[in-house]
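Enquirer: Sharing a structure below in structure tokens format, with a few things to ask.
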Amino acid sequence: MTLAEQLETVIGQGQVCENEPMKNHTTFRIGGPADIFACPKTEEGLIRGLKWCREKKIPFYVIGNGSNLLVGDKGFRGVVFQVCKNLDAVETEDVPSGICVRAGAGVMLAKLAKDISARGYTGFEFATGIPGTLGGAITMNAGAYGGEMKQVLVSVRAVNMSGEILEFSLKDLELGYRTSRIQKEALIVLSAVLKFDQGDAEAISERVEELSRQRKEKQPLEYPSAGSTFKRPEGYFAGKLIQDAGLKGYRVGDAMVSEKHSGFVINAGAATASQVRQLMQDVDAIVYEKFQVHLEPEVRLIGEF
């Protein structure tokens, strides 16, 4: 019995495949094959799969929508678990002046935000254009246009590398700019509780439409990318530093600094992971030479390059 077949008996039939191209599962549309690719349908299946990998000493990585990820051209040696097509149940409960939402880590953040906003609850408008999953957004405390996840989170359920389920209050999550305890301790989000206040439906709709318009005007949504490529250095904006360094349109093969928004590295055709990584290194080096500021990647790099 192959390792893939063994894993399938652990997490369930029809959910495991071999040599799956990761370019099909990242918004960059880049990445070589994962040895084993698995889509557990339940939390229990995911946890059993993680424990199995630990027992077998097989490397693994858990992804959502692959929206903040660059996978090496040679792929990933081990198991990639994807949760965005499952683990996406949503339950709501009315509370005084608002609503509480319990949602699985695999729910798409933009879809959840649009649903919440459409129901007349405020506080989540900022997330309507973020392409990742709830789990990924919590892990990096995702944010945009003045909003971030820590403003709406109540609590989070996560699992550690040993398969132990842990619960965290908002205070325990240690959420900061693109960081969290989840990230620091390599935990995996299972679900979360979020709270939203009742708002003015018309004002919420107008805000959502305005943010959507701004994204279309300012971001290179017509090209594959992983969103903002670099974190914002303290006291600066990454995109402005890159632009001021004369790097708008800078290319390494088909990897390119967007001419529309310098904070985005795009796949302008058939870019490889190695080209993207080289471009990121070049940009950091040139910006540092000109401004003595290092740019830290916001995009996660995994696999073999």
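The values are calculated or read from the model by the stated rules, or taken from the named source; none is laboratory data. What you see is a predicted model, and the numbers here were worked out from it, not measured in a lab. Don't worry about glycine lacking a Cβ; one is built from the backbone with ideal geometry, like all the others, and counts go over all protein chains shown. Quick note on the areas: whole protein, heavy atoms, side chains included, nothing else; ligands and nucleic acids left out. Shrake-Rupley method; radii C 1.70, N 1.55, O 1.52, S 1.80 Å.
Enquirer: Starting from residues that are touching a Lys or Arg at 6+ places or on another chain (Cβ under 8 Å) and under 27 Å from G72 (Cβ atoms), keep the ones in region 242-259 and report whichever is surrounded by the fewest Cβ atoms within 10 Å (Cβ to Cβ).
Expert: Out of the qualifying residues, it is E259.
Enquirer: Restrict the check to region 79-91 and report whether at least one residue is in contact with a Lys or Arg (Cβ under 9 Å, 6 or more places away or on another chain), open to solvent by 20 Å² or more (accessible area, probe 1.4 Å) and not in a loop (DSSP other than H, G, I, E, B).
Expert: yes
Enquirer: Based on this model, can you work out whether L112 counts as in contact with a helix residue (DSSP H, G or I) (Cβ under 8 Å, 6 or more places away or on another chain), within 18 Å of V193 (Cβ to Cβ), assigned to a helix (DSSP H, G or I) and at pLDDT 95 or above? Can you show your working first?
Expert: Working: in contact with a helix residue (DSSP H, G or I) (Cβ under 8 Å, 6 or more places away or on another chain): yes; within 18 Å of V193 (Cβ to Cβ): yes; assigned to a helix (DSSP H, G or I): yes; at pLDDT 95 or above: yes.
When the stated conditions are applied, L112 passes them.
Enquirer: For F264, are the conditions met, namely being open to solvent by less than 90 Å² (accessible area, probe 1.4 Å), under 25 Å from T179 (Cβ atoms), out of contact with any Ser or Thr (no Cβ under 6 Å at 6 or more places or on another chain) and at pLDDT 95 or above? Spell out how you get there, then give the answer.
Expert: On the way: open to solvent by less than 90 Å² (accessible area, probe 1.4 Å): yes; under 25 Å from T179 (Cβ atoms): yes; out of contact with any Ser or Thr (no Cβ under 6 Å at 6 or more places or on another chain): no; at pLDDT 95 or above: yes.
When the stated conditions are applied, F264 does not pass them.
Enquirer: If V208 satisfies all but one of (1) farther than 22 Å from R29 by Cα; (2) assigned to a helix (DSSP H, G or I); (3) of a type outside the set (S, T, Y); (4) open to solvent by 80 Å² or more (accessible area, probe 1.4 Å), what's the number of the condition it fails?
Expert: Result: V208 fails condition (4) only.
Enquirer: Just give me the residues in region 1-43 being more than 16 Å from K56 (Cβ to Cβ) and assigned to a helix (DSSP H, G or I), in sequence order.
Expert: Matches in region 1-43: M22, K23, N24, H25, E43.
Enquirer: Considering each of L7, L70, L87 in turn, give the residue that is modelled with pLDDT under 95 and of a type in the set (A, V, I, L, M, F, W, C).
Expert: Matching residue, one of L7, L70, L87: L87.
Enquirer: With respect to V95, is the statement that it is buried (at least 18 other Cβ atoms within 10 Å of the Cβ) and either under 16 Å from L153 (Cβ atoms) or in contact with an Asp or Glu (Cβ under 9 Å, 6 or more places away or on another chain) (or both) true?
Expert: Details: buried (at least 18 other Cβ atoms within 10 Å of the Cβ): no; either under 16 Å from L153 (Cβ atoms) or in contact with an Asp or Glu (Cβ under 9 Å, 6 or more places away or on another chain) (or both): yes.
Judged against the criteria, V95 is not a match.
Enquirer: Still on this model: Looking at region 49-74, which of its residues are buried (at least 18 other Cβ atoms within 10 Å of the Cβ), out of contact with any Pro (no Cβ under 6 Å at 6 or more places or on another chain) and part of a helix (DSSP H, G or I)?
Expert: Within region 49-74, L50, W52, C53 meet the criteria.
Enquirer: Which is within 30 Å of F168 (Cα to Cα) and of a type outside the set (S, T, Y), of V257, V189, V252, V265? Can you show your working first?
Expert: Values: V257 fails: within 30 Å of F168 (Cα to Cα); V252 fails: within 30 Å of F168 (Cα to Cα); V265 fails: within 30 Å of F168 (Cα to Cα).
Only one candidate qualifies: V189.
Enquirer: How about region 124-137: which of its residues are farther than 12 Å from V189 by Cβ, at pLDDT below 95 and in a loop (DSSP other than H, G, I, E, B)?
Expert: Hits for region 124-137 are I130, P131.
Enquirer: Which residue is farthest from T139 (Cα to Cα), if the candidates are limited to region 169-200 and must be part of a helix (DSSP H, G or I) and not acidic (D, E)? Spell out the reasoning first.
Expert: Let us first name the residues in region 169-200 that are part of a helix (DSSP H, G or I), namely 171-173, 181-184.
Restricting the remaining residues to those that are not acidic (D, E) gives 171, 173, 181-184.
On the way: K171: 14, L173: 9, R181: 8, I182: 5, Q183: 5, K184: 9 Å.
Among those residues, the one meeting the criterion is K171.
Enquirer: Being within 18 Å of the chain's Cα centre (by Cα) and closer than 18 Å to S228 by Cα is the filter; apply it to region 278-305 and report the residue that is surrounded by the fewest Cβ atoms within 10 Å (Cβ to Cβ).
Expert: Our first condition is that a residue be within 18 Å of the chain's Cα centre (by Cα); within region 278-305, this holds for 296-303.
After this cut, where a residue has to be closer than 18 Å to S228 by Cα as well, the list is 296-302.
Numbers: E296: 11, P297: 18, E298: 18, V299: 21, R300: 17, L301: 14, I302: 20.
The selected residue is E296.
Enquirer: Related question: Restricting the search to region 138-163, which residues are of a type in the set (A, V, I, L, M, F, W, C), open to solvent by 20 Å² or more (accessible area, probe 1.4 Å) and assigned to a strand (DSSP E or B)?
Expert: If we filter region 138-163 for residues that are of a type in the set (A, V, I, L, M, F, W, C), which is where we start, we get 138, 140, 142, 144, 149, 152-154, 156, 158-159, 161.
Next, only the ones that are open to solvent by 20 Å² or more (accessible area, probe 1.4 Å) stay: 140, 144, 154, 161.
Matches in region 138-163: A144, V154.
Enquirer: For region 174-205, name all the residues that are open to solvent by less than 60 Å² (accessible area, probe 1.4 Å), of a type outside the set (V, I, T) and touching a strand residue (DSSP E or B) at 6+ places or on another chain (Cβ under 6 Å).
Expert: L187, L190, S191, A192, L194, F196, G199
Enquirer: Also, quick follow-up: Condition check: under 25 Å from D172 (Cβ atoms) and in contact (Cβ under 8 Å) with a residue 24 or more places away in the chain. Does G129 satisfy that?
Expert: Numbers: under 25 Å from D172 (Cβ atoms): no; in contact (Cβ under 8 Å) with a residue 24 or more places away in the chain: yes.
In short, no.
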